[in-house]
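Engineer: Right, I'll just put the structure down here and ask away after.
The values are calculated or read from the model by the stated rules, or taken from the named source; none is laboratory data. Remember, it's a predicted structure, so these values are computed and weren't measured experimentally. So basically every Cβ, Gly included, is an ideal-geometry build from the backbone, and we count neighbours across all protein chains shown.
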Amino acid sequence: MENKKTIYDKLTSLDNSEDIQEVVRWTDDVYDSTFADYFKGQREIYEKLKSHDNLITDSELEWILANTPLDLFSAVESLSAIKAKQEVIKIELKKKKADIASSFQSSFDMSKTEAKEEAELAVYEDKILISAYDAIIDRVSREMSFSKELVMSAKKIWDARRGSDSIPMGVDDSEQLPEYNYSNSQYIK
């Protein structure tokens, strides 16, 4: 086991970029393998939606309106599994800290406070894992919000297109408006 000074130096050093890069790589790998497929299509269509040169087609709108809610449902199922893993780690972490603190207190004749501090240092990797899961959960939550907004935008475009399809292009001569009497402010029947 590393001594307290070495662990502290490692945790507080400003040059732990390798650790950070490793965590970022791991979170990206988990996201890519578990969630990326649910949101890939939405991002591609969003790029087309914000383009001024290429208008989004009705079939693309239909795809958003039909597939995105199903993808969101699947993403929620996968997200629940990630959250469950994180909760298990949190519960195990509490037990692990208590066991380590108890062991330090009895083996090294430490005070309760010193043993708790040592236990906190001993479980820093578990805390990093919990933070990594938090990052994944936050990222997926943002993607889900984005997808919901995309569905609402697609629905508005769809409704606007369908509404403009039903607007009459000409006036039917058989139904003429009655004349308006300006002095009485009434229509003459």
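Yes/no per residue for (1) over 16 Å from the mean Cα position of the chain (by Cα); (2) polar (S, T, N, Q); (3) on the phi > 0 side of the Ramachandran plot:
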residue	(1), (2), (3)
PHE39	no, no, no
GLN42	no, yes, no
SER51	yes, yes, no
ASP58	yes, no, no
LEU61	yes, no, no
SER78	no, yes, no
ILE82	no, no, no
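Engineer: Oh, and also: So, of the residues in segment 128-150 that are of a type in the set (Lys, Arg) and exposed (fewer than 15 other Cβ atoms within 10 Å of the Cβ), which turns out to be nearest to ALA66 (Cα to Cα)?
Structural biologist: The extreme case among them is LYS148.
Engineer: Further, regarding this structure: Return the total of residues in segment 25-47 being outside any helix (DSSP H, G or I) and acidic (Asp, Glu).
Structural biologist: 0
Engineer: Next question. Considering segment 78-121 alone, what residues qualify as being touching a Leu at 6+ places or on another chain (Cβ under 9 Å) and more than 30 Å from ASP32 (Cα to Cα)?
Structural biologist: LEU121
Engineer: In segment 105-122, how many are over 16 Å from LYS94 (Cα atoms) and surrounded by 18 or more Cβ atoms within 10 Å (Cβ to Cβ)?
Structural biologist: Residues meeting the conditions: 1.
Engineer: Now a separate question. Got a number for residues in segment 96-137 being within 18 Å of GLN21 (Cα to Cα) and out of contact with any helix residue (DSSP H, G or I) (no Cβ under 7 Å at 6 or more places or on another chain)?
Structural biologist: Total satisfying the criteria: 4.
Engineer: Sticking with this one: For segment 48-64, does any single residue satisfy the condition of being touching an Asp or Glu at 6+ places or on another chain (Cβ under 9 Å), within 17 Å of LYS155 (Cβ to Cβ) and in a helix (DSSP H, G or I)?
Structural biologist: Yes, segment 48-64 contains a residue that is touching an Asp or Glu at 6+ places or on another chain (Cβ under 9 Å), within 17 Å of LYS155 (Cβ to Cβ) and in a helix (DSSP H, G or I).
Engineer: Does GLN105 qualify as being within 25 Å of the chain's Cα centre (by Cα) and at pLDDT below 95?
Structural biologist: no
Engineer: Is there any pair with a first residue in segment 133-147 that is without any contact (Cβ under 8 Å) to a residue 60 or more places away in the chain and a second that is assigned to a helix (DSSP H, G or I) whose Cβ atoms are under 6 Å apart and which are 6 or more apart or on different chains, and what are they?
Structural biologist: Pairs that qualify, where the first residue is without any contact (Cβ under 8 Å) to a residue 60 or more places away in the chain and the partner is assigned to a helix (DSSP H, G or I), are TYR133/GLN86.
Engineer: Taking segment 1-40 as the region of interest, how many residues are over 17 Å from GLU120 (Cβ atoms) and modelled with pLDDT under 90?
Structural biologist: The total comes to 9.
Engineer: Select from segment 85-129 the residues that are hydrophobic (A, V, I, L, M, F, W, C) and in contact with a Lys or Arg (Cβ under 7 Å, 6 or more places away or on another chain) and write down the one among them that is farthest from VAL30 (Cα to Cα).
Structural biologist: Only one residue tops the list, namely ALA101.
Engineer: Further, regarding this structure: How many residues are surrounded by 12 or more Cβ atoms within 10 Å (Cβ to Cβ), of a type outside the set (Phe, Trp, Tyr) and farther than 18 Å from GLU125 by Cα when one looks only at segment 84-104?
Structural biologist: So the answer is 2.
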